[in-house]
1. Can you send over the carbon and sulfur percentage of the accessible area for the range 143-285, probe radius 1.4 Å, protein chains only?
2. Student exercise: in the range 140-226, how many lysine pairs 8 or more apart or on different chains have Cα atoms under 22 Å apart?
3. Connecting C-alpha atoms closer than 10 Å in a GNM of the chain, tell me which of E14, E350, E39 has the biggest fluctuation.
4. Find how much the distance from D249 to K99 grows on full extension, using 0.36 nm per residue of separation minus their present alpha carbon separation; answer in nm with one decimal.
5. Going through the cross-link list K19/K352; K2/K44; K127/K366, which pairs have a Cα-Cα distance over 19 Å in this structure?
6. Heavy-atom accessible area per residue, the range 204-276, 1.4 Å probe: how many Å²?
7. Which residue, S121, S279, S296, tops the fluctuation ranking in a GNM of the chain built on C-alpha contacts under 10 Å?
8. Let me check I have the definition right: for the range 67-174, take the eigenvalues of the Cα gyration tensor, multiply each by 5, take square roots. What are those semi-axes in whole Å, largest first?
Amino acid sequence: MKILLKANWIVTPETEAIKEGYVVVKNGKIDGYYKKKPEGNFHKVITLKGILYPPFVNAHTHLELSNLDFNPDRFSSFFDWLLWIIGKRQSFSISDIEKAVIKGLKESESYGVGYVGDISSFGISRKFIKRGLTFLEIIGKDTDVSSLPPPLSIHAVYSVSFKLIEEIARDAKERGYKFQIHLGETQEESSFVRCKENKFESLVYPFLGRKRYEYICSENLVSYLKRAGALGENLIAVHCTNLSKKELDSLMEADCSIVLCPRSNIHLKTGFPDVQHLSEYEKVGIGTDGLSTNLSLSVISEIRTIYYRLEGAIPIRKLLRMATYGGAKALGIKEYSQKASFTLCEVEEEIKDPFTILLKDSLSFKFLDFK
């Protein structure tokens, strides 16, 4: 089937903006973008009012935690929140988790999100998520990694043993899948890998009734992962809020993916990522983290936060690329630019610029999929 789509503005995955443009869809795939109406016969011609964007990508979510009543004013630090979430996780039933995932997916689509990179702590969200990747989260010391269905997610350097990080990194290379890790979300992680005094050992481990798994000391977080053989194209480093420029450069040089979750970092008082240093890197995506650390699942709210925090130093056009094509590259979604799916911003007024309009409040988005 051949379909012709027309919109007031069309933005391509490369963020080229076409006014009064056209897209040809053939058998569920994008056949081309056009500035003038293409010749030929079409089974259907659809005129859309507004802006047709590439599908938004929320590259890091925790949809299984969508029913939590998060309020940033409740927590004075990341560690206040961490102890709270540890207690909350133990009270969920399977029914609770399923309802949370369904709620999260509905909210995501209401914000125009087409693809997600979700972390499944309980192995449940995989049943519901159809577009994107769902990473099974690993916490602990010993796990038979080869028996688990990929992709996997290492929770963090302080919650997974060095030996298990090595095993997951090796397994990811052997079976060819992406794996995520929360990295540099707090300054305390750097102290942890340097074997210095840190709050994970002094506060969190006593709360859990355990001790540190092993003392593997390293110069910094990225060198710790390098020592574990975890750096490379399979790795997706999430947050990266407290990494130095040297560490960020090492991630980029190793062809790792990076996902930033700025509002979550602000809410938990952990700092703000060095977005400017990363802004030219192709494999940088945007995530909301989830409703356990955030107030919505809107990636547009994330890029607005970056834009205003940096006083417009990075154009909204470039930030949009992070929330679309950059997120797809970070997650390794190969069909992203070919599949005929889009995010429509429904706008009645005259649109002068399809990028700066994203800074306006109360925009209406809709995810469209022409299979």
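The values are calculated or read from the model by the stated rules, or taken from the named source; none is laboratory data. Just so we're clear, the structure is a prediction, and the values are computed from it rather than from any experiment. Note: ideal-geometry Cβ built from the backbone for every residue, glycine included; neighbour counts use all protein chains shown. In case anyone asks, the SASA skips ligands and DNA or RNA and just uses the protein heavy atoms, side chains included. Shrake-Rupley method; radii C 1.70, N 1.55, O 1.52, S 1.80 Å.
1. Working: 2730 of 5720 Å².
So the carbon and sulfur contribution to the accessible surface is 48 percent.
2. Summing the qualifying lysine pairs gives 18.
3. E39
4. Details: separation 150, 0.36 × 150 = 54.00 nm, distance 4.03 nm.
Residue separation times 0.36 nm, minus the Cα-Cα distance, leaves 50.0 nm.
5. Numbers: K19/K352 9 Å; K2/K44 7 Å; K127/K366 23 Å.
Among K19/K352; K2/K44; K127/K366, the Cα-Cα distance tops 19 Å for K127/K366.
6. Details: 2920 Å² over 73 residues.
I get 40 Å² per residue for this part.
7. S279
8. On the way: eigenvalues 122, 84, 33 Å².
Over the Cα atoms of the range 67-174, the semi-axes work out to 25, 21, 13 Å.
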